[in-house]
Structures are given as C-alpha cells and as structure tokens.
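These notes concern the structure reproduced below.
The values are calculated or read from the model by the stated rules, or taken from the named source; none is laboratory data. If you're wondering where the values come from, they're calculated on a predicted model, not measured in any experiment. Cβ coordinates were reconstructed from backbone atoms using ideal geometry, including for glycine residues, and neighbour counts include every protein chain displayed. Keep in mind that these areas ignore ligands, DNA and RNA; they rest on the heavy atoms of the full protein, side chains included. Shrake-Rupley method; radii C 1.70, N 1.55, O 1.52, S 1.80 Å.
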Protein chains: 2
Amino acid sequence: MKHTRRSESVASQRGEGETTTTPAEPADRERARAIPEAAVARLAVYLRVLSGMADQGVTAVSSEELSQAAGVNAAKLRKDLSYIGSYGTRGVGYDVEVLVSHIERILGLTRNHSVAVVGIGNLGHALANYGGFPGRGFPVTALFDVDDDLVGIPVGGIPVNHIDEITAICVEREVSIGVIATPPPAAQSVCDRLVSAGVQCILNFAPVVLQVPDNVEVRKVDLAVEMQILSFHVARRADEAASVSVGNNGLGVDGMVIRP
Amino acid sequence: MKHTRRSESVASQRGEGETTTTPAEPADRERARAIPEAAVARLAVYLRVLSGMADQGVTAVSSEELSQAAGVNAAKLRKDLSYIGSYGTRGVGYDVEVLVSHIERILGLTRNHSVAVVGIGNLGHALANYGGFPGRGFPVTALFDVDDDLVGIPVGGIPVNHIDEITAICVEREVSIGVIATPPPAAQSVCDRLVSAGVQCILNFAPVVLQVPDNVEVRKVDLAVEMQILSFHVARRADEAASVSVGNNGLGVDGMVIRP
DNA sequence: CCGACTTTGTGCATGCGTTCACAAGCGGTA
DNA sequence: TACCGCTTGTGAACGCATGCACAAAGTCGG
C-alpha cells in the first residue's frame with residue numbers, strides 16, 4: 001500500500017541512545033520520533049476530517065465517529081491519537097479544536113513550508129495553480145523549468161525561473177520542500193540540484209527511482225504504479241470470477257451476470 | 001551493470017504471448033491471491049526498471065543490480081520475485097525479457113484497461129494529456145465534467161462528455177478504471193455513479209475519504225497528505241538538530257556545520 | 001453523593017512484512 | 001567428470017502494525 005520508506009536506518013545513525021536532557025518539552029521530540037510512518041499518514045487524514053467538522057460547527061467527536069469518517073478502525077484511530085498524547089475525555093470524546101491544534105503541531109504545520117515546483121508542464125501547471133496547496137501551510141514560492149519560453153511567465157501568480165537559478169533561489173526563499181514534475185530523464189539531475197541547494201524533502205512525480213543521500217526524505221507519487229496496482233486487482237477479480245464459474249451458477253462476483 | 005550479455009537460449013522460452021497466455025494454470029491464481037500488496041507495488045517498479053534496461057539492450061540482470069536500480073534490499077527483491085515464480089537462473093541471474101513478461105502477466109497488463117477521467121480541471125487536463133498513461137496499457141477512453149462549456153471539446157484527443165452520461169458510456173466503452181479528479185465536494189457522488197456503472201477500480205485524487213462497497217478497490221493519491229508527511233519529517237529534523245546542538249559539538253545533522 | 005453508562009487509553013496477542021543466512025543449483029574450468 | 005565460485009530461492013527469526021478486549025476515568029441522572 002504505502003510508498004517509499006527511506007527512513008531505514010536513520011535512527012541508528014544519530015545518537016539514539018542518550019537520554020535527551022533538553023529543557024523545552026522533550027516529550028514531544030521523543031514522541032515524534034516514535035510515531036510510526038503509517039500513523040503519520042493517517043494523522044494527516046484525521047486532520048482534514050477534523051477541519052471539515054470544525055468548519056461545520058462540530059466541537060466534539062468520539063473515536064467511533066471520527067474513525068468512520070476517516071475510514072479506519074476505531075481502535076487504530078485511538079492508538080494513533082495516543083502517539084501524540086492523551087487529549088481526549090473519557091466518556092465524552094475529543095474536542096475538535098484541541099485535536100486539530102495538536103495534530104498540526106506534531107505534523108509541523110505551525111510553521112510555513114516553502115515549496116518549489118520544478119517542471120512546468122501539464123502537471124506542473126496543475127500543481128502551481130493549486131495555490132498554496134489544499135489546506136494552507138504550503139505556499140508555492142518558486143517555479144522552475146528549462147524552457148526559456150516559459151521563464152518569466154507567471155503561473156498561479158508566481159513567475160517561472162530558469163532551472164539554472166535553482167540553487168540561489170531555493171536558498172534565498174528558504175525552500176524546504178521540492179516538487180519534481182519533470183519528464184523522467186531530467187528527474188535525477190533536478191533532484192541532485194535540489195539537494196545541493198539544501199532541500200531535504202522531495203515529492204517526486206517522475207516515474208524514476210531517485211538516488212539521494214540518507215539525510216534527504218523522498219516521497220513519490222507514481223501514477224503508473226497506482227494504475228498497475230489497480231490492474232492487478234482487476235486481473236485477480238477476473239481470475240476469481242473464472243474460478244468460481246468453474247462450478248458455475250451463472251453468477252460471477254457480486255451477482256453480476258457473466259455473459260457467455 | 002553489465003551490458004548485452006546475449007543469452008538467446010533463455011529468450012526463446014518466451015513465445016510472445018503464446019507461452020505466457022498459458023492454458024488455465026491454477027497455480028497462477030493462488031499465487032496472485034497470495035502476493036502481498038506491498039510487493040505488488042514494488043513489482044510495478046521493477047517492471048519499469050526492467051523495461052528501461054531492455055530498451056538499453058541489457059538482457060540479463062542479477063538481483064543485486066536490479067535491487068539497487070529499484071532502490072530496495074536485494075533479499076526483498078528476490079522474495080518479491082519468488083511470489084510470481086522461479087524464473088531466475090542460479091549463478092547467473094534473471095533474463096530481463098522473461099522477467100518483464102511474467103511481471104506483466106501477473107499485474108494483468110496483457111489486457112488493456114480502459115480508463116475514464118472525471119473532472120477536467122487542471123489536474124484532469126494533465127491526466128488526459130498523459131496520453132494512455134506512462135507505459136502503455138491504460139488507454140484513456142472517456143472524459144467527464146459537469147461544465148457544459150467543456151462538453152464536446154477534445155482534450156488529449158478525446159472529447160469531454162457530460163457527467164450525466166457516465167453510466168452509459170462507461171458500460172459501452174468497458175471502462176475498468178475510473179479516475180476522480182474533481183473538487184472534493186463532488187467526489188463521493190462521482191464515485192457512486194462510477195460504482196453503479198460497474199467500475200470496480202478507482203483512483204482518487206480528491207482529498208476525500210470515499211465510502212465504497214467491499215467489491216470496489218480504491219487507491220488514493222493525496223497531495224496534501226504527502227506534503228504533510230514531508231512536513232512532519234522537516235519538523236522532526238529541526239527537533240533533532242535542536243537536541244543535538246544542546247550538547248553542541250559544532251556539527252548539526254549529517255555533519256553540516258551550524259553557523260553561530 | 002452514588003451508581004450506571006459511556007468512551008478513552010493501552011497491554012497483549014496475532015498476523016504480516018522484512019531481513020538474515022544458507023542450502024540448492026547452475027555455469028565455467030581444469 | 002569433478003570441482004569451484006556465484007547467485008538464486010526460501011525457511012526461519014525478527015520487528016512493526018493491527019485489532020481485541022478491558023480497566024481507568026469521566027459524565028449524567030437521580
């Protein structure tokens with residue numbers, strides 16, 4: 001199901017062993033480090049659902065309600081929330097706003113994360129026009145492309161820069177997240193440039209496996225892979241239907257008639 | 001990576017569709033059912049890497065080489081491949097073409113999967129223009145939108161239809177995969193219509209948790225969630241850097257000097 | 001103030017996925 | 001032919017994530 005796991009042995013590289021004698025809220029840091037990757041992804045989903053509820057004036061919610069809206073098991077939801085602390089009230093549920101603010105804090109959404117999009121083709125346009133990305137907190141502050149005809153033209157309110165300026169501009173605008181929406185052959189080179197510009201988080205839309213140093217976090221969104229996973233399920237369904245129809249009752253999966 | 005090791009003997013095993021479309025092999029079905037979801041996702045990646053190698057004239061590859069190119073552990077790769085059968089040669093490695101054809105077969109890429117895209121906004125345009133999706137086998141055969149101004153206009157070679165025609169057209173064109181690229185509020189309704197049109201696989205780009213019957217497979221691509229996961233890692237890094245610099249040694253994370 | 005009811009938080013068991021390590025098997029070589 | 005080195009395939013151990021089930025802890029009505 002889920003994507004790149006690049007945090008393979010990051011923990012052991014750092015000084016994992018010593019107890020952090022930090023003054024300011026050491027609990028948060030240890031907690032943040034301990035949250036499973038899968039749970040982080042779900043927390044983001046809970047956050048969106050909760051935000052929607054808050055907009056509709058809902059102030060309190062139980063784990064049961066929230067879990068249904070988020071499409072997960074109630075117990076799993078409670079465990080996920082427990083990773084960030086105990087902010088519920090037994091017998092009552094959770095305060096929506098309290099939960100929102102705590103999830104935002106854990107996900108690091110209290111600060112803004114400046115985003116740069118590289119490759120202003122169809123997809124790049126779409127991304128730039130999203131306008132600060134769904135759910136504020138991710139302002140797109142820089143766009144890059146190799147095509148000179150595009151340079152200077154504003155897309156989604158931001159002028160496109162030539163890719164050669166990537167290092168200077170990323171440093172200047174403190175870009176913390178780079179989005180790669182280039183054709184496959186350019187992706188690795190663009191990635192290298194982003195990394196050397198100090199960008200440590202990359203979202204990659206190019207169907208290429210990027211090679212990066214350990215300290216850089218890559219997440220990939222791969223349409224071809226998604227389609228092929230779906231294709232696999234189509235095929236599996238077809239096979240199952242075929243198996244079933246050996247002892248045929250005229251009905252395939254979920255009651256649809258199989259035509260001869 | 002070694003280039004062009006000719007091994008014609010093995011290549012001849014593959015009769016381009018004849019031998020691969022084996023007459024009712026029940027082992028395949030049980031195997032396909034047993035393949036872990038995570039492994040399926042990786043198989044799609046291996047497939048792409050292998051296709052690239054084949055295009056460059058590489059005919060044989062070892063698990064070590066392939067695993068590096070795909071960015072995974074070598075043992076994991078071998079286990080993944082073992083799910084689909086034993087098609088390697090000990091002491092030598094794998095024949096690229098043989099592997100390609102077997103992975104394609106398991107992923108169900110031997111047949112074409114007709115795709116419908118719903119919601120022809122920025123993202124919908126980008127998707128339609130991908131043109132049959134990277135790596136053939138997924139022809140986009142239908143586009144839908146609510147906007148009457150868009151209806152009839154061809155995008156990526158296919159005219160846009162009004163969403164009310166979704167059921168008829170999906171059935172007629174045997175759409176097996178539906179892609180939802182609508183604004184969030186419309187997503188669930190579109191999803192319901194796709195399902196009632198018999199579409200059993202859905203790729204959802206809308207930031208909404210879709211409710212579907214058990215027999216429908218949904219995969220979601222959620223930009224906001226991806227960004228927030230990256231944000232989490234940024235925050236975690238910042239915290240770690242802060243922790244380390246308490247007992248300061250002049251070095252921050254991964255050896256970069258922290259300026260005073 | 002008490003008891004009944006509701007919902008959280010979590011220890012524990014279970015299952016899945018990853019990793020290790022090595023025997024089995026194959027090609028090349030003398 | 002017999003041996004040697006290389007690579008696959010996989011049994012087994014490990015670790016992580018999920019789901020269950022229940023005690024703890026709170027609210028509400030009387």
Checking A:Asp222 against (1) facing chain B (nearest Cβ under 7 Å); (2) of a type in the set (D, E, K, R); (3) open to solvent by less than 20 Å² (accessible area, probe 1.4 Å), which single condition isn't satisfied?
-> (1)
Hits in the range B:168-188 (condition: in a helix (DSSP H, G or I), out of contact with any helix residue (DSSP H, G or I) (no Cβ under 9 Å at 6 or more places or on another chain) and either buried (at least 22 other Cβ atoms within 10 Å of the Cβ) or charged (D, E, K, R) (or both)) = B:Glu172, B:Ala187
All conditions in (1) within 16 Å of DNA strand C (Cβ to nearest atom); (2) more than 10 Å from every other protein chain (Cβ to nearest Cβ) are true of A:Ile120 except (1)
Taking the range B:73-90, which residues are under 15 Å from B:Ala38 (Cα atoms) and near DNA strand D (Cβ under 6 Å from one of its atoms)?
-> B:Ala75, B:Arg78, B:Lys79, B:Leu81, B:Ser82
When residues of the range B:189-214 are filtered for being open to solvent by less than 50 Å² (accessible area, probe 1.4 Å) and farther than 18 Å from B:Gly108 by Cα, how many remain?
-> 14
Which of the residues belonging to the range A:72-108 are in contact (Cβ under 8 Å) with a residue 40 or more places away in the chain and not charged (D, E, K, R)?
-> A:Tyr83, A:Ile84, A:Gly85, A:Val96, A:Leu99, A:Val100, A:Ile103, A:Ile106, A:Leu107
Report yes if some residue within the range B:43-58 is more than 6 Å from DNA strand D (Cβ to nearest atom), in contact (Cβ under 8 Å) with a residue 60 or more places away in the chain and more than 19 Å from A:Val225 (Cα to Cα); otherwise report no.
-> no
By residue number, the members of the range B:189-224 that are part of a strand (DSSP E or B) and closer than 21 Å to B:Thr141 by Cβ are B:Cys201, B:Ile202, B:Leu203, B:Asn204, B:Glu217, B:Val218, B:Arg219
Check the range A:152-160 and report whether any residue there is over 24 Å from the mean Cα position of the chain (by Cα), of a type outside the set (Asp, Glu) and open to solvent by less than 10 Å² (accessible area, probe 1.4 Å).
-> yes
Within the range A:49-85, work out how many residues are more than 18 Å from the chain's Cα centre (by Cα) and either not assigned by TED's automatic domain parsing to the domain that holds A:Ala34 or not aliphatic (A, V, I, L, M) (or both).
-> 18
Assess whether A:Val140 counts as being at pLDDT 95 or above, crowded, with 16+ Cβ neighbours inside 10 Å, more than 16 Å from DNA strand C (Cβ to nearest atom) and within 19 Å of the chain's Cα centre (by Cα).
-> no
Just wondering, is there one or more residues in the range A:63-85 that are away from DNA strand C (no atom under 13 Å from the Cβ) and within 30 Å of A:Gly157 (Cβ to Cβ)?
-> no
Of the conditions (1) touching an Asp or Glu at 6+ places or on another chain (Cβ under 8 Å); (2) under 30 Å from B:Val212 (Cα atoms); (3) open to solvent by 50 Å² or more (accessible area, probe 1.4 Å); (4) not basic (Lys, Arg), the single one that A:Thr110 does not satisfy is (2)
